[in-house]
1. Taking the Cα-to-Cβ direction at residue B:220 and at residue A:9 and moving 7 Å from each Cα, how far apart do the two end points lie in nm?
2. Please give the length that would be gained between residue B:29 and residue B:350 if that part of the chain were fully extended, namely 0.36 nm times their separation in residues minus their C-alpha to C-alpha distance (nm, one decimal).
3. Report the relative contact order of chain B, percent, no decimals, based on alpha-carbon pairs under 8 angstrom and at least 6 residues apart.
4. Under a plain spin-label model, where a point goes 7 Å from the Cα along Cα-to-Cβ, how far apart in nm are residue B:369 and residue B:100?
5. Give the span of chain A's Cα atoms along each principal axis, as three whole-Å numbers ordered largest to smallest.
6. For the pair residue A:98 and residue A:65, how long in nm is the line joining their label points, each one 7 Å along Cα→Cβ?
7. How much length is gained on full extension from residue B:73 to residue B:250, taking 0.36 nm per residue of separation minus their Cα-Cα distance?
8. Determine the equivalent ellipsoid of chain B by diagonalising the alpha-carbon gyration tensor, then write out the semi-axes as square roots of 5 times the eigenvalues, largest first, rounded to whole Å.
């Protein structure tokens, strides 16, 4: 499925794919149709500012736990979301929307 | 040789390290050209039309079938052209005549394509699936197979020649012999073996061999089922329709078994794909004349396995003894999920691998106890020692970073 995320000056279309997983763990990948150039440090600081725990980052990615899910965000905008509801790309889409709502996108 | 080989795969010029050949091998320019030529020069349906283009298309399929048959030392009359290994296994599963109480011996190490069909038969036809448990390194104890085969009940022994999770090579010749002695038939899933090993159906002694074209340089949507000739008529065709009949009346029809595969190949096939499949056989056989390349199917994964095991926090699944596994290495990193590992390899190192359960949940979850699966790096003849270097360096960096 596709969702749209609003950034400071543009709307970015994201594709969501279901990854190989089983049982109660739904794993998904989301990637922007046009690669972005996000700043992992800025992303990480946004997440830390709202007291999200377990935020780690380096120059290419941010890794965090968000609402029981394991999230990896690359500077290209690609995301890996693990331990989300199974069989529900919509849940994965909602998760991304909530996550990105935290971020001050004008600094990305 | 390797340089000229790599020039057949323009996709490698993009700088990627392609280590997902067990899912889909790259397609060489020679195969793409053969398919393109069909559409440009002989674009017609095969079989029935009498015009010149149809004759060329028919000849293209016949030639491809002969090449495919020759690859596994069989005859064209024994080859059913299919879309993939799953379809080939489906033809056997739904074509055999089953009775309540019949048993199918298989293993818990199979790809779902060689497991789900039998489970469904168990649900619908009252047959029993006897699944032998491989060891944690993926090897199978022949005694366990022998014990599982029951001369009065086992009707089919169905297992992979090379496992798709760990690349373990199973001694199928001995197993087919056990099946035959017990009066059972044998089906070998050759999806991961035909692309890398010289497979001879006569030496193996199997009744059926299923494999795909897309893992051996061919296009997707191609594959073959070797079916021992006398059994062709015993299998009920999976589909009926165009091209399979000798006669049709208002209320009945007679299937055409001349040549024997006719009854099993319904409708217009993927003609370009089949021609490409034949070309892929030529390409594969040409490469196999180079012993160094053939040996790399063993030596590259062996080196990768040996050196990955030395990296702190990295765990490699599968046997360690040389010769026991081929064409792939599977691993995981402490604290970093397989999907995250694979995404980092792709995103930050241009190394393309596969992650997850590899359509083998009873093995990855039940035996390896890996709820999130494993990372699989798989090789083919275009893979190089430099590819292994890049994989190792990338995994070292990821494991060191620890997230």
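Any read-out appearing in this document is the output of simple, stated calculations on the displayed coordinates, not a laboratory observation. Note that this is a predicted model, so its numbers are computed, not measured. Note: ideal-geometry Cβ built from the backbone for every residue, glycine included; neighbour counts use all protein chains shown.
1. Inter-label distance under the simple model: 3.7 nm.
2. Numbers: separation 321, 0.36 × 321 = 115.56 nm, distance 2.23 nm.
Result for the pair: 113.3 nm of gain on full extension.
3. Working: 806 pairs, mean separation 85.2, N = 403.
Here the relative contact order equals 21 percent.
4. Taking the two extended label points, one gets 4.0 nm.
5. So the extents along the principal axes, rounded to whole Å, are 37, 28, 20.
6. 1.5
7. On the way: separation 177, 0.36 × 177 = 63.72 nm, distance 4.15 nm.
Stretched out fully, the residue B:73 to residue B:250 stretch lengthens by 59.6 nm.
8. Over the Cα atoms of chain B, the ellipsoid semi-axes are 36, 28, 17 Å.
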